[in-house]
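Enquirer: Before anything else, here's the structure in question.
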Amino acid sequence: AGAYHGREPRVDDGYTFFQYSHAPRDDWTRGHDYADWIRARGEDPAHYLNQPSRPFGIDIPTADRDNVPPELHQTTWCSEQAVAFIDRDHDSPWLLSVNPYDPHPPYNPPWEYFRRFDPGTLPGPHFRESDLAHQATLAGTDFQTEPLRPDDFDGNGGRTAQALYYAMIEQIDDQFGRILDSLDQTGQRDNTIIIFMSDHGEALGDHGLAHKGCRFFDGLTRVPMIWSWPGHLASGLASDALVGLLDVAPTLMDLAGMRVPDRMQGRSLLPILTGEAGPGHHRGFVRCEYRDAVDLPNRSFATMYRNRRWKLITYHGLDAGELYDLENDPHEFESLWDDAAHRDIKTQLLVESFDSTVQAMDYGAPRVMPY
């Protein structure tokens, strides 16, 4: 099911408390809890949520013309619903997931947060003129039709877009702090596992791209993953191991004393989180998928296979891909996919990527008899 322009039909997902807002727009026909929350404060959601955006969603607030103010923002609404749940009397263990829309295009933070950043001090996106030709070869994938220069993005070399994006993150930080405060105030902090993570990153002008889509640059695929459980997990530990979001479920099962099914692709992070294992290694590779990535009759998709040094991207159904040497090219400017000198490593990685993809398939019921 899709949630665009309306609420998805509920399934038996186990949630007893459910507040829904797929996106901070007021173009829904039914079921927009966030818009109802704005109305309950005597305001018209259409006034705040239907503002037209500049190209690429660049909405620069000023002291006189704000975007959605903090007190009416969806990020604030999310934290208030979370605090209301935490403040309840709970007679059993609970799980709460909080999913604010930001940071996300359009780039439209409140003035209160945008004013804290000076675009002139920011570095701008990772971009070279050669990115334009490279992205043009992949124009059939799920991104804007034509690559762009950073100045085309926001008129300021991508630095204004960065300031807007950082401002959205700053607001997330403030509101997440409110949730942590509520755990402290209700005496639940020491008995609560907290995970801070994101589903994807943001191109933000890198390599001639805006927003998100079918690319696998680090700006899009590397996301935060922070764990906290005072007295149980190591404090101040930083790890650069290769991990994935699919490791979250087995880690939680491990923490709950449950057996992790053999067929689960993820691997528990608990040994690293408790300090029993070194933080430098968790697995030898990570992989990503993007379905419906390529506009072909068969709606092909793309995969990424990454180990410590190499990143291989394959756009299945096209004779196209990317290969990056992350040791010598950490910002992924020089694709070696067609480089004859790297043919052997490309072949090796293609085999490893194929193996990892096959191993991730659903292979049916377990075999319990010899034939």
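Enquirer: Would you please give the residues with an amide H less than 5 Å from that of residue 157, counting only those at least 5 places away or on a separate chain, with H modeled from the backbone geometry?
Expert: 151
Enquirer: Residue 285 accessible area, nearest 10 Å², 1.4 Å probe?
Expert: Taking all protein chains as shown, residue 285 has close to 60 Å².
Enquirer: Cα centroid distance between segment 256-295 and segment 63-87, in Å?
Expert: Result: 33 Å between the Cα centres.
Enquirer: Pop out the carbon and sulfur fraction of the accessible area of the chain as a percent, whole number, probe 1.4 Å.
Expert: Numbers: 10350 of 20450 Å².
Using a 1.4 Å probe with all protein chains present, the chain comes out at 51 percent carbon and sulfur.
Enquirer: Please compute, for the alpha-carbon atoms of the chain, the extent along each of the three principal axes and give them in descending order in Å.
Expert: Extents along the principal axes, in whole Å: 64, 57, 42.
Enquirer: With no solvent and one equal point scatterer per Cα, compute the Debye intensity ratio I(q)/I(0) for segment 281-366 at 0.12, 0.18, 0.21, 0.22 Å⁻¹ and report its log10, rounded to two decimals.
Expert: For segment 281-366, the Cα-only Debye profile gives -0.39, -0.83, -1.07, -1.14.
Enquirer: Shifting gears a bit: Residue by residue through segment 342-356, what is 3J(HN,Hα) from phi via Karplus (6.51 cos²θ - 1.76 cosθ + 1.60, θ = phi - 60°)? Round to whole Hz and write x for glycine and proline.
Expert: Running phi through 6.51 cos²θ - 1.76 cosθ + 1.60 with θ = phi - 60° gives 10, 5, 5, 5, 4, 4, 4, 5, 4, 5, 5, 5, 4, 4, 5 Hz.
Enquirer: Further question: Could you provide, to the nearest whole Å², the per residue accessible area of the chain with probe 1.4 Å? Could you put the intermediate results ahead of the total?
Expert: Working: 20450 Å² over 371 residues.
On a per-residue basis, the chain sits at 55 Å².
Enquirer: What is the calculated FRET efficiency for residue 10 to residue 351, with r their C-beta to C-beta distance and R₀ = 45 Å, to the nearest 0.05? Don't skip to the end; give the middle numbers.
Expert: Values: r = 43 Å, r/R0 = 0.96.
Result of the calculation: an efficiency of 0.55.
Enquirer: Using a 1.4 angstrom probe and counting only protein chains, how large is the accessible area of residue 130 in Å², to 10?
Expert: 60 Å²
Enquirer: Moving to a separate point now. Using a cut-off of 14 Å between beta-carbons, work out the net charge of the residues near residue 183 (Lys and Arg +1, Asp and Glu -1, residue 183 not included).
Expert: Details: positive: 88, 178, 189; negative: 87, 181, 184, 190.
Net local charge, residue 183 excluded: -1.
Enquirer: Would you mind putting 183-189, 56-62 in packing order, based on average other-beta-carbon counts within 10 Å, highest first? Write down the numbers at each step before the final one.
Expert: On the way: 183-189: 13.1, 56-62: 17.1.
Top to bottom by mean Cβ count within 10 Å: 56-62, 183-189.
The values are calculated or read from the model by the stated rules, or taken from the named source; none is laboratory data. Everything numeric in this text was worked out from a predicted model, so none of it was measured. Cβ coordinates were reconstructed from backbone atoms using ideal geometry, including for glycine residues, and neighbour counts include every protein chain displayed. Accessible surface areas use protein heavy atoms only, side chains included; no ligands, DNA or RNA. Shrake-Rupley method; radii C 1.70, N 1.55, O 1.52, S 1.80 Å.
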